[in-house]
Amino acid sequence: MKNPKVTLSDVAARAGMSAATASRALRGLKVHRKYQGKAEAAAAELGYVLNESARSLRSVRTMTVGMVYHDLTSMLGMELLKAMASGLEEVGYSLFVSTAQGKNDLFDKLVHRFLQRRVDALVCVHGNGDGASLEGYAAAGIPVMALITKSGGYSRLPMVSPSTADASAECVTRLKALGHKLVAVVTPDRHIGPVETFAAVAKDKRLKLHRQGFKDDFDARATLKALMAMDPRPTAIVALQGEAAKLVDAAASLKIKIPADLSVIAIRDRSATSPAVSAAFSTIHIDPRPMGELAAS
């Protein structure tokens, strides 16, 4: 959080440099690399945002938009990036992209760096961290939005999120038409939006579900054995794409035929590319293009 009692002189003293050098470093102007890092660290530690930076951001347009990913490891993220870049290019903006590699503290640091670089807007994809620099954006009048999910200090941001409601309804209708009466939903023990959407649609359409949760490492063989031992047992499984791929591989090793013995439906998520599997599965697909186009507009 910004501390209004902290001055530039306090930051400079903490960083061991002059106020002029600290000011230049925090405004993204050219200084020695060692000063840049020290000034940023001192400002973050003291909760300081440079007022001069905020004033200049109000009056200067850079025609750039920053986009920070919490992690960029999937084709979904790449397609979202492509849609955003295309939409912004149409109105003359350039898109600057960075990824926090799954680290909350790095996500916060990247958000602060884009503030220093004077972007005209910021997009946070799966934003998570303390969000302290968001006050600097608000002071500068720079719009910030979230995409797909938001957590921690980024929870208050306006958000564009995907919807799998239509695809889930189509999937449930198809499952019922094929005679499936009990479907297992394999999911981590935390809230997963598309999974909850599927569950809500299934309940509305009176398709019986069995939830099979897991906490940490997913054991596909053990999960399949437990499900196949149920009486009655589920005839179809719905899982995020990473777990779905492991289930298909495990089924082959257990001599479970897919889809003759068991159907597997994947919910496409943002995980890394799934390993190659010998059998294909149907997918509830999240189309990133509408999200990217809406966020760009």
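The values are calculated or read from the model by the stated rules, or taken from the named source; none is laboratory data. Predicted model, so just to flag it, every value in this text is computed and none were measured. As a convention, Cβ positions derive from the backbone with ideal geometry for all residues, glycine included, and neighbour counts pool all protein chains shown. All accessible areas refer to the heavy atoms of the entire protein, side chains included, with ligands and DNA or RNA removed. Shrake-Rupley method; radii C 1.70, N 1.55, O 1.52, S 1.80 Å.
Some observations on this one:
- Of the residues making up region 60-106, those that are over 17 Å from residue 128 (Cβ atoms), of a type in the set (Val, Ile, Thr), open to solvent by less than 50 Å² (accessible area, probe 1.4 Å) and in contact with a Leu (Cβ under 7 Å, 6 or more places away or on another chain) number 1.
- In the condition set (1) without any contact (Cβ under 8 Å) to a residue 24 or more places away in the chain; (2) more than 30 Å from residue 136 (Cβ to Cβ); (3) touching a strand residue (DSSP E or B) at 6+ places or on another chain (Cβ under 9 Å), residue 208 is compliant with all but (1).
- Scope region 231-252; condition in contact with a Leu (Cβ under 9 Å, 6 or more places away or on another chain) and free of Cβ contacts under 8 Å to residues at least 40 places away in the same chain; matching residues: 250, 251
- Applying the criterion of being among the hydroxyl-bearing types (Ser, Thr, Tyr) and under 30 Å from the mean Cα position of the chain (by Cα) to the residues of region 12-67, the residue that is modelled with the lowest pLDDT is 53.
- Boolean, residue 155 is surrounded by fewer than 17 Cβ atoms within 10 Å (Cβ to Cβ), of a type in the set (S, T, N, Q) and under 21 Å from residue 27 (Cα atoms): no
- Verdict on residue 136 being buried (at least 21 other Cβ atoms within 10 Å of the Cβ), of a type outside the set (Ser, Thr, Tyr) and part of a helix (DSSP H, G or I): yes
- In region 199-242, residue most open to solvent (accessible area, probe 1.4 Å) [restricted to those that are assigned to a helix (DSSP H, G or I) and closer than 21 Å to residue 165 by Cα]: 203
- Residue 143 fulfils the conditions (1) open to solvent by less than 20 Å² (accessible area, probe 1.4 Å); (2) without any contact (Cβ under 8 Å) to a residue 60 or more places away in the chain; (3) closer than 22 Å to residue 27 by Cβ except for a single criterion, (1).
- Checked against the criterion of being free of Cβ contacts under 8 Å to residues at least 12 places away in the same chain, open to solvent by 20 Å² or more (accessible area, probe 1.4 Å), out of contact with any Cys (no Cβ under 6 Å at 6 or more places or on another chain) and charged (D, E, K, R), region 186-198 contains one or more residues that satisfy it.
- Residues of region 105-133 that are touching a Gly at 6+ places or on another chain (Cβ under 8 Å) and in a loop (DSSP other than H, G, I, E, B): 117, 118, 119, 128, 129, 130, 131, 132.
- Tallying residues that are open to solvent by 70 Å² or more (accessible area, probe 1.4 Å), outside any strand (DSSP E or B) and touching a strand residue (DSSP E or B) at 6+ places or on another chain (Cβ under 8 Å) within region 158-173 yields 1.
- Number of the exception - residue 218 against (1) without any contact (Cβ under 8 Å) to a residue 24 or more places away in the chain; (2) on the phi < 0 side of the Ramachandran plot: (1)
- Residues considered: 113, 118. Of these, the only one that is open to solvent by 10 Å² or more (accessible area, probe 1.4 Å), of a type in the set (Lys, Arg) and at pLDDT 90 or above is 113.
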